[in-house]
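To keep things clear, I will list the structure first and then write my remarks on it.
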Amino acid sequence: MNPALPKSWYYVYLLKSKLTKWIYIGCTNNIRKRIQEHIEGKVFSTKKMIPIELVYYEAYRSKNIAYNREKMLKHYGSSLARLLIRIGIRKKGRAG
């Protein structure tokens, strides 16, 4: 194993409800397991959003950087708005 590679990656991810306009932002070190928990309704925060789809994720080597990015997306609306425009979920100049 390459010692320069991290033992674990941390992921910031966005889920979108297929029925509503709700977006969920989360962070984990096991993205496959966590997404499956969301899909199966095991996560209280997204249970009412089902069915959901993973629309975006970012990978980080540092847990602190990943959790800071999650916090930035949750607490600063402009960061999330720019990301949603960039990935094609929202159009530029459209609120909500």
Those residues of the range 50-80 which are over 15 Å from VAL12 (Cβ atoms) and either β-branched (Val, Ile, Thr) or at pLDDT 95 or above (or both), in sequence order: ILE50, PRO51, ILE52, GLU53
Top-ranked residue of the range 25-46 - restricted to ones that are buried (at least 18 other Cβ atoms within 10 Å of the Cβ) and among the hydroxyl-bearing types (Ser, Thr, Tyr), ranked as modelled with the lowest pLDDT: THR46
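Look through ASN64, ASN30 and report the one residue that is closer than 21 Å to HIS75 by Cα, out of contact with any helix residue (DSSP H, G or I) (no Cβ under 9 Å at 6 or more places or on another chain) and without any contact (Cβ under 8 Å) to a residue 12 or more places away in the chain.
On the way: ASN30 fails: closer than 21 Å to HIS75 by Cα.
Criteria check complete, one pass: ASN64.
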Enumeration of residues in the range 48-96 that are surrounded by fewer than 14 Cβ atoms within 10 Å (Cβ to Cβ) and of a type in the set (A, V, I, L, M): ALA59, ILE65, ILE87, ALA95
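The values are calculated or read from the model by the stated rules, or taken from the named source; none is laboratory data. This structure is a prediction, so every number in the text was calculated from the model and none was measured. In this analysis, Cβ positions are derived from the backbone assuming ideal geometry, glycine residues included, and neighbour counts consider all displayed protein chains.
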